[in-house]
Amino acid sequence: MEDIYAFILALLLIYNNSLVLLGPTAWGTGVGPRKALVVATVAQLLGVATSSMHPLQIGHTTFLYIAVLYFLLSMAKISLPVSVVSYAISSLRPEAVALWLTSPAASLIAYMWCRLAKRSGALSLLSLFAVMYAFGYNNVALFSRNIVLTASAIAMGTYLGLGFSRWAADLVALRQRTAVSINLSVATGALIGILAHIPISFTLVAYSAMLVASYSSAIRVVKIEKFLRAYLGIIAALLAALIFRAVEPQLRYLVLRVS
């Protein structure tokens, strides 16, 4: 069952990421959803295939705990970073906590990218490939226990996320330069996580980059409430990991009784 649990969590993770990251390139730059879908899917598959991140062990109790938490936070419109909470439950390292809490700072480079990036369809696709490759390498690989199921999760999650990504940001105000800047900023933030072998919340860094891009370009790309909810998701993930560690024996006993 661990393969199925990993598939479901990967699907949720990829859907949430595609919802936020695919929109700017697919709908805001003229690249179009079909090209964006192909590039994003291939990039994630390559990221998983070349990743040095070790897949997490997702047992019955852990899966149910994360699934219930995901559902409850979704009802409150708070995005749970699935990779972060799964990793934190497995290994709550101090350096990981520090990285997660300070990761929005990586988006400050978006200001520079907004100034340097030029209008280019090729650059839009390259920046999308870079960020989705990093996502596959840094996040999706944590749930890659069965390559067929992982590939299915990537295809399904990316397709579904792309379909709803029009409403993830104020895309009508996006410029090609802004979308490229967001992609490159998130990819830069992901590089830190890759080097440290710690998964980051791509959603949080993406919303942070959108806020910086809004300031740089004098346009509204995303509401600040979405950034705050994404950051609350990190706090919730850390608290949930601490609680799980404290009550894990009781949870395992309860699951055994129910099953």
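The values are calculated or read from the model by the stated rules, or taken from the named source; none is laboratory data. Predicted, not measured: the structure shown is a model, and the values here were computed from it. A quick note on method: Cβ atoms are made from the backbone with ideal geometry, for glycine too, and the neighbour counts reach across all protein chains shown.
When you look at residue 21, is it closer than 16 Å to residue 242 by Cα and modelled with pLDDT under 90, yes or no? Give the derivation first.
Details: closer than 16 Å to residue 242 by Cα: no; modelled with pLDDT under 90: yes.
Criteria not met by residue 21.
Quick one: would you say residue 58 is in contact with a Ser or Thr (Cβ under 9 Å, 6 or more places away or on another chain) and either crowded, with 20+ Cβ neighbours inside 10 Å or among the polar types (S, T, N, Q) (or both)?
Criteria met by residue 58.
When you scan the stretch 72-83, do you find a residue that is crowded, with 21+ Cβ neighbours inside 10 Å, touching a Pro at 6+ places or on another chain (Cβ under 6 Å) and touching a residue at least 24 places away in the same chain (Cβ under 8 Å), even just one?
Yes, the stretch 72-83 contains at least one residue that is crowded, with 21+ Cβ neighbours inside 10 Å, touching a Pro at 6+ places or on another chain (Cβ under 6 Å) and touching a residue at least 24 places away in the same chain (Cβ under 8 Å).
Provide a single number: the residues in the stretch 23-54 that are part of a helix (DSSP H, G or I) and either touching a strand residue (DSSP E or B) at 6+ places or on another chain (Cβ under 7 Å) or farther than 25 Å from residue 5 by Cβ (or both).
First pass over the stretch 23-54, keeping only residues part of a helix (DSSP H, G or I): 23-28, 33-50.
So of that shortlist, the ones also either touching a strand residue (DSSP E or B) at 6+ places or on another chain (Cβ under 7 Å) or farther than 25 Å from residue 5 by Cβ (or both) come out as 23-28, 33-39, 42.
Going through the stretch 23-54 one residue at a time, the tally reaches 14.
Of the numbered conditions (1) at pLDDT 95 or above; (2) in contact with a helix residue (DSSP H, G or I) (Cβ under 8 Å, 6 or more places away or on another chain), residue 244 fails exactly one; give the number of that condition.
Failing condition for residue 244: (1).
Within the stretch 119-157, work out how many residues are modelled with pLDDT under 95, closer than 18 Å to residue 203 by Cβ and not aliphatic (A, V, I, L, M).
1
Every residue in the stretch 181-190 that is hydroxyl-bearing (Ser, Thr, Tyr) and surrounded by 24 or more Cβ atoms within 10 Å (Cβ to Cβ), please.
181, 185
Applying the selection to the stretch 191-213, what residues are of a type in the set (Gly, Ala, Ser), assigned to a helix (DSSP H, G or I) and surrounded by 21 or more Cβ atoms within 10 Å (Cβ to Cβ)?
Taking the stretch 191-213 first, the residues of a type in the set (Gly, Ala, Ser) are 193, 196, 201, 206, 208-209, 213.
Next, from what is left, pick out any that are assigned to a helix (DSSP H, G or I): 193, 196, 206, 208-209, 213.
If the condition is that a residue be of a type in the set (Gly, Ala, Ser), assigned to a helix (DSSP H, G or I) and surrounded by 21 or more Cβ atoms within 10 Å (Cβ to Cβ), then 193, 206, 208, 209, 213 are the ones that fit.
What tally of residues in the stretch 140-150 results from selecting those that are closer than 14 Å to residue 41 by Cα and in a loop (DSSP other than H, G, I, E, B)?
Counting residues in the stretch 140-150 that are closer than 14 Å to residue 41 by Cα and in a loop (DSSP other than H, G, I, E, B) gives 0.
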